[in-house]
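Worksheet for the structure shown next.
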Amino acid sequence: MHGQGSAARVDKHFTATGFLVRGGQVLLLNHRKLRMWLPFGGHVDPGEDPIEALYREAREETGFEVDVVGETLPLDMDGVRALPAPETILLEDIEPGHVHIDLIYFVRAVGGAPRLAPAEHSELRWFDREALHSSQITEDVRALGLRAIERLARCDGA
């Protein structure tokens, strides 16, 4: 039988990631453990939906309250409610046997102020289009960061 027996077990975890855009720049965090510039985000905890996880991670890692920029179907009835659609969903090989199913959202700040989470990150910095082309930025973060800046510029009429 295909897919059973010989394949090593793979743990898949849902995560939610936010590309926070303000004034034509995207906020990235220098991750202490990974030594990479990344957007905020993390695991969807038991009892959370992805949007609750996204809002929690934004507060914990950046100090900002955020709102998702994206389509939400107008469904809200007897036990059925639509959540904002992610921009995309990535499968990320974290280490052998550990994969993230990462729901990627574009967000804007609606409150709060920048605050570093020093246990997780060494620095927080705003990157414009030019700065995203730095060799320090991975291709996936660059592509999504540029797309987030463009999307928010269209939404905000800039």
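At a glance:
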quantity	calculated
Residues (buried (at least 16 other Cβ atoms within 10 Å of the Cβ) and over 18 Å from residue 145 (Cβ atoms)) located in segment 49-66	50, 51, 53, 55, 59, 63
Matching residues, segment 84-99, being surrounded by 13 or more Cβ atoms within 10 Å (Cβ to Cβ) and not β-branched (Val, Ile, Thr)	84, 85, 86, 87, 90, 92
Qualifying positions in segment 1-30 - in contact with a His (Cβ under 6 Å, 6 or more places away or on another chain) and either modelled with pLDDT under 95 or among the β-branched types (Val, Ile, Thr) (or both)	11, 15
Tally of residues being exposed (fewer than 14 other Cβ atoms within 10 Å of the Cβ), hydrophobic (A, V, I, L, M, F, W, C) and closer than 21 Å to residue 64 by Cα across segment 112-152	2
Output for segment 20-37, where each listed residue is charged (D, E, K, R) and farther than 15 Å from residue 135 by Cα	22, 32, 33
Contacts under 8 angstrom Cβ, first residue in segment 79-105 being under 10 Å from residue 14 (Cα atoms) and touching a residue at least 40 places away in the same chain (Cβ under 8 Å), partner in a strand (DSSP E or B) and among the polar types (S, T, N, Q), 6 or more apart	100/15; 101/15; 102/15; 102/17; 103/15; 103/17
Residue list for segment 43-71, restricted to those being assigned to a loop (DSSP other than H, G, I, E, B) and either within 16 Å of residue 104 (Cβ to Cβ) or under 14 Å from the mean Cα position of the chain (by Cα) (or both)	44, 49, 70, 71
Given (1) assigned to a strand (DSSP E or B); (2) out of contact with any Pro (no Cβ under 7 Å at 6 or more places or on another chain); (3) touching a residue at least 60 places away in the same chain (Cβ under 8 Å), index of the condition residue 114 fails	(1)
Candidate set from segment 72-99 (those that are under 19 Å from residue 139 (Cα atoms), assigned to a strand (DSSP E or B) and charged (D, E, K, R)); member that is modelled with the lowest pLDDT	95
Meets criteria (out of contact with any helix residue (DSSP H, G or I) (no Cβ under 6 Å at 6 or more places or on another chain), under 21 Å from residue 154 (Cβ atoms) and touching a residue at least 24 places away in the same chain (Cβ under 8 Å)) for residue 50	no
Only one of 102, 45 that is among the charged types (D, E, K, R), at pLDDT 95 or above and exposed (fewer than 13 other Cβ atoms within 10 Å of the Cβ)	45
Failed item in (1) buried (at least 16 other Cβ atoms within 10 Å of the Cβ); (2) out of contact with any helix residue (DSSP H, G or I) (no Cβ under 9 Å at 6 or more places or on another chain), with residue 81 passing the rest	(1)
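The values are calculated or read from the model by the stated rules, or taken from the named source; none is laboratory data. On a predicted model such as this, the values are computed, not experimentally measured, just so you know. Because the Cβ atoms are built from the backbone with ideal geometry, glycine has one as well, and the counts that use them run over all protein chains shown.
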